[in-house]
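Here is the structure we will look at, set down as structure tokens.
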Number of protein chains: 2
Amino acid sequence: MSNIELNDKKIQILEVAESLFSEKGFEGTSIRDISKEAKINIAMVSYYFGSKERLLEALILHKTTDLKLQLENLLQENIEPLDKVNKLIEIYINRICLNKGIYRVLHFELNNKKREKSLNAFTELKKGNLKSVESIIKQGQDQGVFRKDLNIPLITPTIIGTFFHFHMNRSFFEELLDLKTEEMFNNYIKNNLTKHIQQTIKALLVYEN
Amino acid sequence: MSNIELNDKKIQILEVAESLFSEKGFEGTSIRDISKEAKINIAMVSYYFGSKERLLEALILHKTTDLKLQLENLLQENIEPLDKVNKLIEIYINRICLNKGIYRVLHFELNNKKREKSLNAFTELKKGNLKSVESIIKQGQDQGVFRKDLNIPLITPTIIGTFFHFHMNRSFFEELLDLKTEEMFNNYIKNNLTKHIQQTIKALLVYEN
DNA sequence: GTTTAAATTAAACAACTGTTTAATTTTGTA
DNA sequence: TACAAAATTAAACAGTTGTTTAATTTAAAC
């Protein structure tokens, strides 16, 4: 079997791995945990991916491929700069929501040791993201809608960081905001958190000191 | 020896543990790693703290005690609301910078399993923080300086999340912004990132749609 | 139906995990 | 100095870890 091609079994393993990694961390998840949950033999992980480390690499590659495309499509759209920024925010939030756990792994398991291969894929993704954001912001600046003295590389951290921090403290906010069900939590993200971030970024982009 | 009292040796172990936990995660760090780095016997961790889990609890308690006090002092200061917010941001950033790794552990090792004791201490800290922020914002609203339709619980995530995301992607930003030394990185935080966050929050607080 | 490769399995591997034990050394006190 | 408590140690503990092996089953090709 090819190492690159992802058949059903491989994908099934990746999905279980994502779920468990995000729940218990990379080190906290054993191959036995994965194979138990995925109902496969322990040896299959090594058989398919070679090692636990390379399973992580495959997982990251699998999950970060199409965001790039999504952003490039947004760039081409012919809409107001501010609407484009708002759409960008929605794409980010949707992305992280969909890929729930993987971002946790990305940010926290990747900063450690070697893992250079996985890290490089992630770095390239971030560079591409930044270029898209830069392009969108500059469109707005050229049209005189956005202020010129913006620190563009810090805009993505503001968007993703806010959302991420909210998500990381999920149980705290669930209690604080009385979000009893999964649905209520997701609705709050959709209706309140997204709006807050959009409002924040708008204020940052257009507010003249 | 008392379980609560922290003598030099206990503190030394806690500091090594913080460093290693933040570097390799809680599960990724073994007691043998800690005792090797701290130049003590393996059994000493159990002897002092009882278990690895309770070592984590002690670490969190040890690191989150005085932030509360710091915020309450800020509340009493008689300065402009906006200056107070800016000071709040500086306190947060300074805090996380000083306690480098522990916040990583706090956010990512605590969300998992039981660990209720550690988690409760952290939740209480967050509740106290929120109350402080609320109080400061309301002062500004009463004075007519801040807008009234703010989602106050989402302000802390905006501040800390932004900073945290920047810190978590440290190596990416080091390369992007050409921050070659530790000093340059810290200076960027002090001069640029802090300013960006303060500017963002100010815009959010005072910008009328 | 036979052959060949892929998929799957149970078992074993050595290394590492957190914790406990029991013996020894150090320290403080009377 | 003698005694008791605290600190420190090496060794062993039972489990778990990621990975490999060699045998067996399944699937595909001819």
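The values are calculated or read from the model by the stated rules, or taken from the named source; none is laboratory data. What you are looking at is a predicted structure, and each value in this text was computed from that prediction instead of being measured. With ideal geometry, Cβ positions are generated from the backbone for all residues, glycine too; neighbour counts draw on all protein chains shown. Heads up: the accessible areas ignore ligands, DNA and RNA and are worked out on the full protein's heavy atoms, side chains in. Shrake-Rupley method; radii C 1.70, N 1.55, O 1.52, S 1.80 Å.
Please tell me if B:PHE49 is over 30 Å from A:LYS195 (Cβ atoms) and either open to solvent by 30 Å² or more (accessible area, probe 1.4 Å) or not hydroxyl-bearing (Ser, Thr, Tyr) (or both).
Yes; evaluated as a whole, the condition is true for this residue.
Among the residues of segment B:19-51, those that are part of a helix (DSSP H, G or I) and either aromatic (Phe, Trp, Tyr) or within 17 Å of B:ALA121 (Cα to Cα) (or both) comprise B:PHE21, B:TYR47, B:TYR48, B:PHE49. The numbered conditions (1) open to solvent by less than 30 Å² (accessible area, probe 1.4 Å); (2) assigned to a helix (DSSP H, G or I) are all true for B:GLN70 except (1).
Among the residues of segment A:16-46, those that are within 9 Å of DNA strand D (Cβ to nearest atom), farther than 19 Å from A:ILE102 by Cβ and surrounded by 16 or more Cβ atoms within 10 Å (Cβ to Cβ) comprise A:SER35, A:MET44. For first residues located in segment A:140-166 and within 14 Å of B:HIS196 (Cα to Cα) and within 9 Å of another protein chain (Cβ to nearest Cβ), partners that are open to solvent by 30 Å² or more (accessible area, probe 1.4 Å) and in a loop (DSSP other than H, G, I, E, B) and lie 6+ apart or on another chain with Cβ distances below 7 Å form the pairs A:PRO153/B:LEU177. The numbered conditions (1) touching a residue at least 12 places away in the same chain (Cβ under 8 Å); (2) outside any loop (DSSP other than H, G, I, E, B); (3) within 16 Å of DNA strand D (Cβ to nearest atom); (4) not aromatic (Phe, Trp, Tyr) are all true for A:ARG54 except (1).
Output the number of residues of segment A:180-198 satisfying the condition of being open to solvent by 20 Å² or more (accessible area, probe 1.4 Å) and more than 7 Å from every other protein chain (Cβ to nearest Cβ).
Quick first cut of segment A:180-198, residues open to solvent by 20 Å² or more (accessible area, probe 1.4 Å) only: A:180-184, A:186-188, A:190-192, A:195, A:198.
Subset that is more than 7 Å from every other protein chain (Cβ to nearest Cβ): A:180-184, A:186-188, A:190-191, A:195, A:198.
So the count comes out to 12.
Among the residues of segment B:168-179, those that are facing chain A (nearest Cβ under 9 Å) and either crowded, with 17+ Cβ neighbours inside 10 Å or within 14 Å of the chain's Cα centre (by Cα) (or both) comprise B:MET168, B:ASN169, B:PHE172, B:PHE173.
Of all residues being hydrophobic (A, V, I, L, M, F, W, C) and under 15 Å from B:SER46 (Cα atoms) in segment B:17-32, which is modelled with the lowest pLDDT? Just the residue, please.
B:ALA17
The set of residues in segment B:7-63 being among the basic types (Lys, Arg), within 14 Å of another protein chain (Cβ to nearest Cβ) and near DNA strand C (Cβ under 8 Å from one of its atoms) consists of B:LYS52 alone.
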